[in-house]
Amino acid sequence: MNTQTFQALADPHRLQMVELLRGAPLTVGELAARLDLKQPQASKHLRVLSDAGLIELRPQANRRICHLRPEPFQDLDDWLATFQELWKERFDRLDDYLRQLQTPAPSDDPGETP
């Protein structure tokens, strides 16, 4: 797992940019406007995302269009999947334990009434 991915996504503005780009590619100006950032601030955040390989900036006339790159997110998903199996096993054991707690214990004397 690339730690640069986590470092890039740790900043709230960059995470918001990724969330916006999930819907559709946007220009730098559109991202800046939607997040109420100045263009230089937005560009700085986008450079970090680009350096981490999370986005690609494509020039189009005098604008730069930002696109998400799927590969780093697939890598992140693959890494998280290893934890899903671990948690599934733990939840299965917890479920078994809770069933044991709900099963009444047999009494020592079969004729005894509670």
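The values are calculated or read from the model by the stated rules, or taken from the named source; none is laboratory data. Model, not experiment: these values are computed from the prediction. Please note: Cβ atoms are built from the backbone with ideal geometry, for glycine as well, and neighbour counts cover all protein chains shown.
Could you list, in sequence order, all residues of the range 2-18 that are under 11 Å from Leu49 (Cβ atoms) and assigned to a loop (DSSP other than H, G, I, E, B)?
Answer for the range 2-18, where residues must be under 11 Å from Leu49 (Cβ atoms) and assigned to a loop (DSSP other than H, G, I, E, B): just Asp11.
Hey, Lys44 hits all of (1) without any contact (Cβ under 8 Å) to a residue 24 or more places away in the chain; (2) among the basic types (Lys, Arg); (3) in contact with a helix residue (DSSP H, G or I) (Cβ under 7 Å, 6 or more places away or on another chain) but one; which does it fall short on?
Only one criterion in (1) without any contact (Cβ under 8 Å) to a residue 24 or more places away in the chain; (2) among the basic types (Lys, Arg); (3) in contact with a helix residue (DSSP H, G or I) (Cβ under 7 Å, 6 or more places away or on another chain) is unmet by Lys44, namely (3).
Could you please let me know if Asp77 is among the acidic types (Asp, Glu) and surrounded by 10 or more Cβ atoms within 10 Å (Cβ to Cβ)? Don't jump to the end; show me each part of the working.
Details: among the acidic types (Asp, Glu): yes; surrounded by 10 or more Cβ atoms within 10 Å (Cβ to Cβ): yes.
Yes, satisfied.
With the structure loaded, tell me whether His67 is at pLDDT 95 or above and in contact with a strand residue (DSSP E or B) (Cβ under 6 Å, 6 or more places away or on another chain) or whether it fails that test. Spell out how you get there, then give the answer.
Numbers: at pLDDT 95 or above: yes; in contact with a strand residue (DSSP E or B) (Cβ under 6 Å, 6 or more places away or on another chain): yes.
For His67, the condition - at pLDDT 95 or above and in contact with a strand residue (DSSP E or B) (Cβ under 6 Å, 6 or more places away or on another chain) - is met.
Please count how many residues of the range 64-107 are of a type in the set (Ser, Thr, Tyr) and in a helix (DSSP H, G or I). Working first, answer last.
Applying the first criterion (of a type in the set (Ser, Thr, Tyr)) to the range 64-107 yields 82, 97, 103, 107.
Narrowing further to those that are in a helix (DSSP H, G or I): 82, 97.
The number of residues fulfilling the criteria is 2.
Among the numbered criteria (1) among the hydrophobic types (A, V, I, L, M, F, W, C); (2) more than 18 Å from Ala10 (Cβ to Cβ); (3) assigned to a helix (DSSP H, G or I), which single criterion is violated by Ala42?
Here Ala42 meets the rest and fails (2).
Is it fair to say Glu56 is over 17 Å from the mean Cα position of the chain (by Cα) and assigned to a strand (DSSP E or B)?
yes
Go through Asp96, Asp51, Asp92, Asp75 for me and flag whichever is touching a helix residue (DSSP H, G or I) at 6+ places or on another chain (Cβ under 9 Å) and either farther than 21 Å from Pro12 by Cβ or modelled with pLDDT under 95 (or both).
Details: Asp96 fails: touching a helix residue (DSSP H, G or I) at 6+ places or on another chain (Cβ under 9 Å); Asp51 fails: either farther than 21 Å from Pro12 by Cβ or modelled with pLDDT under 95 (or both); Asp92 fails: touching a helix residue (DSSP H, G or I) at 6+ places or on another chain (Cβ under 9 Å).
None of the others qualify; the one that does is Asp75.
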